[in-house]
Amino acid sequence: MRKLICALLVLPVLTVITVKAQQPDYDRKVDSLLSVMTLEEKIGQMNQYNGFWDVTGPVPTEKSTKEKYDNIISGKVGSVLNVLGTKEVRKLQELVVTKSRLGIPLVFGFDVIHGYRTLTPIPLGEAASWDLDAIEKSARIAALEASAAGQNWTFAPMVDVSRDARWGRVMEGAGEDPYLGSLIAKARVRGFQGEDLSSSGTIMACAKHYAGYGFAESGKDYNTVDVGTSTIFNVILPPFRAAEEAGVKTFMNSFNELNGVPATGNNFLLRTILKGEWDFDGFVVSDWGSISEMKAHGFVKDNREAAEKAVKAGCDMDMESYAYITYLKDLVESGQVDVKLIDDAVKRILHAKFELGLFDDPYKYCNAEREKKIIGQESNRKAALDMSRKSMVLLKNDELLLPLNKEGVKIALIGPLADDKDSPLGNWGGAVVRNSAISVLEGMERYTGNQLRFSKGIQLVSNEPAFAAGISINATDTSMMSEAVSLAREADIVVMVLGEHGMQSGEGRSRAFLGLPGLQQQLMEAVYAVNPNIVLVLMNGRPLAIRWAAENIPSILEAWQPGSMGGQAIAEILYGDYNPSGKLPMSFPRSVGQVPLYYNHKSTGRPGPKKDVYWSHYIDQSNDPLFPFGFGLSYTDFKYTNLQVKATSTPEVFVSVVIQNTGEMSGEEVVQLYIRDEVASVTRPVKELKGFKKVMLKAGESRKISFILTKNELGFYNNEGEFIFEPGDFEIWVGPSSADGLHTSLFVDRLDD
Ligand code: GLC
């Protein structure tokens, strides 16, 4: 009967629409459905629960889960998260569709951050590929697997710009630059959502965490964010705007306060900018419990006031605060909240469910046969391998130890992460099978057979880390070190795999130090003392202050947490079957004291350097990064010549350069274009990335690379939030990183919109 009501309500609208217009007009369907919903049913759509029992198990009897269950079957829940697999999803969907009065289907969300079952590198690693097509494809594979497992919605891409490697969540983003971050945001949204959300291979994306989360003071997660208007408009917001322009269906507000107002209750962010200026037509979900956390922020006195402020600010769905389901009805009936706000939120949520096709078929994402076929299929693993290769950054290769000869070389593989099959999966592993990654040991054994001598050297951790638990680092047990040193002594070359355990970065995992954790530095120096021919492979979730290694170790490959196929990709690069092409999306510091550290900093009034001390610098360390943004080497060499710039009559600025592969091997180079607006009414950074092209060149091949600069690239937001262009002198660089390249300048007097 219930289902019939729903069908009958929608049917007339559907008939009318089918006759009048080919494209479904969801607005009319939504309005028609909304008109028959009770206030409680409307509020139910704004309520999201975490998966709370084994859905296929017996009905829960414990009070809190019984209450959640009862709300589900009475249509007071609009979405659930962390319910995985077609069997569980179907079971839960059936409960809602058959037992609730209107049978409005649930929307199922999950953190598909860099893969569902087949994991690609962590997003910071993917960003290091600077390959937008590969990044889009990676998101598409993730969507394919997630939707096959019953998911309709991922809480990704995380588009928070961050300049602070102490913050554990830098692994989840695209690094320090808003231009690169904006292009990656668009690529990920396209990958997840495709062209048609009702297709069974696509899922809703979610631009998060809106906004400013990456600027948490001292890099401490959830900490206060207090930044200036120019940083908000020119650095923090652009990637969110880009995601919105790409059609992202949802936003997630962040945990942090922004300049004194928590993002969850922030009218400026949610109403003025997102739903106002940007005219966003999707819906906003809170972060986990962030509505109720406004009490801890000191912004509201209780959860009732939290519900009021959040819904008025424009937060449409409550993830796990129980604020909306508990207080909104009373707030509306007492006149404190206008029911129009509820209707607006519910329309946005219902519209998304129609677009997903859930009203046409609530079980469309519950095909067990499809799930079995698609999840973990070989083509997904191949795509993950390709992404993994492209993500890695060659930081040093002074004595050309790399690539390794495939024969006639005695290699010792040493390090606590060398045989680790879990850390390559990182902290946000979705529905991955833990300990399922190809390890470096396994990857290298494909080349060396059983000739490879291996020793962990030390245990990195002294407890079995878990997703929500802390981690304890081994700082005392050196019992395996002598075995590693003996192996190193007998080898021609030592490959060391060091870095961070997969559970040392991610949410809630900020670090106050950025060196190699535990006894790894001691191990590396002990090995170096007997054999300096070391290739260091870094496996980590953030930039590390590896100054000793940078000064002493001949070859360094940054592999990030490279995903399910990581060990194979690393081995292919070490043995030269793939020429590394990655570039850093985030600066590497010399020490944690430099952080926040970023290339696109302001000049200050005393940029220096000066003979006296009166300029902006440290007396005990250089200002320069250890490895700069945009940096990455290749096994071949590239030469840049013939930089040309001219302001055209269009008017635009035309830039071209010739790049040549002067080495013996084909290779890819990311040609990067930076500008500086020398004088402006709001000071501009000393450098800003405004273009890049990744090109493959054969040995000896030359190519002319061109860029067009328009107002979009040369303009900026002033402190009134207006995007403007001011005529003046601009410097232009084109080169291999933010710290190198051909340089010129020109005067630009006007650019059209
Ligand atoms: C977490 C994270 C957010 C995630 C959500 C659901 O606390 O902050 O990124 O999507 O909760 O798991």
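Selection within region 210-230: residues that are within 13 Å of the ligand (Cβ to nearest atom) and either under 11 Å from residue 169 (Cα atoms) or of a type in the set (Val, Ile, Thr) (or both). The member of this set that is surrounded by the fewest Cβ atoms within 10 Å (Cβ to Cβ) is 221. Taking the criterion of being part of a helix (DSSP H, G or I) and in contact with a helix residue (DSSP H, G or I) (Cβ under 8 Å, 6 or more places away or on another chain), the residues of region 346-378 that qualify are 346, 347, 349, 350, 351, 354, 355, 368, 370, 371, 373, 374.
Set side by side, the residues 300, 311, 339, 332 differ, and just one is open to solvent by 40 Å² or more (accessible area, probe 1.4 Å) and more than 17 Å from residue 153 (Cβ to Cβ), which is 339. For region 274-290, the set of residues classified as within 13 Å of the ligand (Cβ to nearest atom), part of a loop (DSSP other than H, G, I, E, B) and open to solvent by less than 70 Å² (accessible area, probe 1.4 Å) consists of 286, 287, 289, 290, listed by residue number. Being open to solvent by less than 10 Å² (accessible area, probe 1.4 Å) and either more than 24 Å from residue 173 (Cα to Cα) or touching a Lys or Arg at 6+ places or on another chain (Cβ under 9 Å) (or both) is true for just one of 524, 481. Which residue is that? Answer to the check: 524.
Of all residues in region 165-209, those satisfying the criterion of being under 29 Å from residue 538 (Cβ atoms) and β-branched (Val, Ile, Thr) are 170, 184.
Across region 160-180, the number of residues qualifying as within 14 Å of the ligand (Cβ to nearest atom) and either in contact with a Ser or Thr (Cβ under 7 Å, 6 or more places away or on another chain) or free of Cβ contacts under 8 Å to residues at least 12 places away in the same chain (or both) comes to 5.
Among all residues of region 730-740, there is at least one that is under 17 Å from residue 177 (Cα atoms), of a type outside the set (D, E, K, R) and out of contact with any strand residue (DSSP E or B) (no Cβ under 8 Å at 6 or more places or on another chain). In the set (1) within 16 Å of the ligand (Cβ to nearest atom); (2) on the phi > 0 side of the Ramachandran plot, the condition left unmet by residue 247 is number (1).
Would it be correct to say that residue 641 is more than 17 Å from residue 177 (Cβ to Cβ), assigned to a loop (DSSP other than H, G, I, E, B) and modelled with pLDDT of 95 or more? The answer is no for residue 641.
Need the failing condition index for residue 567 against (1) more than 24 Å from residue 419 (Cβ to Cβ); (2) over 20 Å from the mean Cα position of the chain (by Cα), just the number. For residue 567, the exception is condition (1). Within region 409-419, one or more residues are over 23 Å from the mean Cα position of the chain (by Cα), at positive phi and crowded, with 24+ Cβ neighbours inside 10 Å. Take residue 135 and tell me if it is more than 23 Å from residue 189 (Cβ to Cβ), part of a helix (DSSP H, G or I), open to solvent by less than 10 Å² (accessible area, probe 1.4 Å) and touching a residue at least 24 places away in the same chain (Cβ under 8 Å). Answer is no for this residue. Consider residue 590 carefully, then state whether it is assigned to a loop (DSSP other than H, G, I, E, B), charged (D, E, K, R), outside the structural domain of residue 735 (by TED's automatic domain parsing) and in contact (Cβ under 8 Å) with a residue 24 or more places away in the chain. Criteria met by residue 590. Which one of 596, 651 is open to solvent by 60 Å² or more (accessible area, probe 1.4 Å) and of a type outside the set (Phe, Trp, Tyr)? Of the residues listed, the single one that is open to solvent by 60 Å² or more (accessible area, probe 1.4 Å) and of a type outside the set (Phe, Trp, Tyr) is 596.
The values are calculated or read from the model by the stated rules, or taken from the named source; none is laboratory data. Quantities reported herein were computed from a predicted structural model and do not represent experimental measurements. Cβ sites come from the backbone with ideal geometry, for glycine too, and all protein chains shown count toward neighbours. Note: accessible area is taken over every heavy atom of the protein model, side chains too, but ligands, DNA and RNA are not part of it. Shrake-Rupley method; radii C 1.70, N 1.55, O 1.52, S 1.80 Å.
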